[in-house]
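Down below is the structure, laid out as structure tokens.
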Amino acid sequence: MSEKVILVLVDGMRPDGMLACGHPFVKTLLENSTYSLDAQTVWPSMTLPCHTSLFYGVEPIFHGITTNTFTFLPKPIPSLFDQLERHKKKCAMFYTWEELRDMCRPGALHHSTLVNIYTNEHSDTKVTDEAIPYIQKEQPDFLFLYMGEVDTYGGHDFGWMGKEYLAYIHGAIANIERVYNALPEGYTLIVMADHGGHDRYHGHNIPEDMTIPVVFCGPKFEQNKAISSISIKDIAPTVAKLLDAPAAKEWEGTSLI
Ligand SMILES: [Zn+2]
């Protein structure tokens, strides 16, 4: 039977930051999951290039998005949302950074909610507040929940791995715990980041910026198991496989199941 998937992405969350944030749910989540604390994102390690590789399944050299401004792809590739919609899956996106609206074509989403990070205080909590009742009422096949405060306010304002940055991760993990506790039967929860960071920046090809956590919690994944050698490009084929949909032929990654 096909699974349903909630993918939660915490922008700029380093794996060592997740471990150091002090929230007890991190331990609970890892004990119940197959996870990688050394997964690799793509370069340039910036939000829109990394999300485009996450959802369109290819390196930036092929999708052409190398800054935080979206341009049309040089060659059309179905994104994960597009591919799932083609196979009659119900998809939704709850997000706080409007640039991510281009991660699928019009018509691919059953629902989307933007809680703009620049015009809403506590946008991570508010967007989670919006997503939870939708998950419970609509039971989508695939839902993407994006939180941006760790990067924008924790990392860029105060510096990666500082106490303020870790406090923002603590807040994001509290939201993830609420999602976890609200999940109906049959859901896989994936928790990950798009990139890391160092000082008050990211974008470089260095381990601090390129290493991300990826956590898979669900019936198809062993519990308390650390794995290695994962790429952000493996997520789209993995989610498609969980939902019994074929991977797009252009996608470069490999399903983990
Ligand atoms: Zn950033």
*Does any residue of segment 20-34 turn out to be more than 16 Å from the ligand (Cβ to nearest atom), of a type in the set (Ser, Thr, Tyr) and surrounded by fewer than 20 Cβ atoms within 10 Å (Cβ to Cβ)?*
yes
_Please determine whether any residue of segment 152-165 is of a type in the set (A, V, I, L, M, F, W, C), assigned to a helix (DSSP H, G or I), within 15 Å of ALA20 (Cα to Cα) and touching a residue at least 60 places away in the same chain (Cβ under 8 Å)._
no
*Go through segment 181-207 and count every residue that is of a type in the set (D, E, K, R) and surrounded by 23 or more Cβ atoms within 10 Å (Cβ to Cβ).*
1
*Can you name the number of the only condition in (1) touching a strand residue (DSSP E or B) at 6+ places or on another chain (Cβ under 9 Å); (2) part of a loop (DSSP other than H, G, I, E, B) that GLY203 fails?*
(1)
*asked:* I need a count of the residues in segment 138-151 that are near the ligand (Cβ under 10 Å from one of its atoms) and under 18 Å from LEU19 (Cα atoms).
replied: 2
*Could you figure out which of (1) surrounded by fewer than 22 Cβ atoms within 10 Å (Cβ to Cβ); (2) within 21 Å of ASP38 (Cα to Cα) isn't true of PRO213?*
(1)
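Kindly indicate the residue of segment 10-19 that is within 13 Å of the ligand (Cβ to nearest atom) and aliphatic (A, V, I, L, M) and also nearest to ILE176 (Cα to Cα) among those meeting that condition. So that I can check it myself, show each step before the final result.
Of segment 10-19, the ones within 13 Å of the ligand (Cβ to nearest atom) are 10-14.
Adding the requirement that they be aliphatic (A, V, I, L, M) leaves 10, 13.
On the way: VAL10: 10, MET13: 13 Å.
Among those that are within 13 Å of the ligand (Cβ to nearest atom) and aliphatic (A, V, I, L, M), it is VAL10.
To keep it simple, each residue is scored yes or no on (1) more than 30 Å from ILE257 (Cα to Cα); (2) crowded, with 21+ Cβ neighbours inside 10 Å.
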| site | (1), (2) |
| --- | --- |
| GLY155 | yes, yes |
| GLU164 | yes, no |
| ILE176 | no, yes |
| GLU222 | no, no |
*So is THR52 within 15 Å of ASP234 (Cα to Cα) and among the β-branched types (Val, Ile, Thr) or not?*
yes
*within 16 Å of the ligand (Cβ to nearest atom), of a type outside the set (Asp, Glu), touching a residue at least 24 places away in the same chain (Cβ under 8 Å) and touching a helix residue (DSSP H, G or I) at 6+ places or on another chain (Cβ under 7 Å), is that true of THR66?*
no
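Which residue is nearest to the ligand (Cβ to nearest atom), if the candidates are limited to segment 169-200 and must be in a strand (DSSP E or B) and touching a residue at least 60 places away in the same chain (Cβ under 8 Å)?
In the first step, residues of segment 169-200 are kept if they are in a strand (DSSP E or B); the result is 187-192, 198.
With touching a residue at least 60 places away in the same chain (Cβ under 8 Å) added as a condition, the list becomes 187-192.
Working: TYR187: 29, THR188: 27, LEU189: 24, ILE190: 21, VAL191: 18, MET192: 15 Å.
Step by step, filter segment 169-200, then rank; the result is MET192.
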*asked:* Taking the condition of being crowded, with 24+ Cβ neighbours inside 10 Å, free of Cβ contacts under 8 Å to residues at least 60 places away in the same chain and among the aliphatic types (A, V, I, L, M), how many residues in segment 69-99 meet it?
replied: 1
*Kindly list the number of the only condition in (1) touching a Pro at 6+ places or on another chain (Cβ under 7 Å); (2) free of Cβ contacts under 8 Å to residues at least 12 places away in the same chain that fails for GLN139.*
(2)
*Among the candidates THR52, THR47, which residue alone is within 19 Å of ALA108 (Cα to Cα), at pLDDT 95 or above, buried (at least 21 other Cβ atoms within 10 Å of the Cβ) and within 16 Å of the ligand (Cβ to nearest atom)?*
THR52
_Take the conditions away from the ligand (no atom under 16 Å from the Cβ), farther than 30 Å from PRO246 by Cβ and hydroxyl-bearing (Ser, Thr, Tyr) and apply them to THR119. Does it pass?_
yes
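The values are calculated or read from the model by the stated rules, or taken from the named source; none is laboratory data. All values derive from a computational prediction rather than experimental measurement. Here the Cβ is made from the backbone with ideal geometry for all residues, glycine too, and neighbour counts use every protein chain on show.
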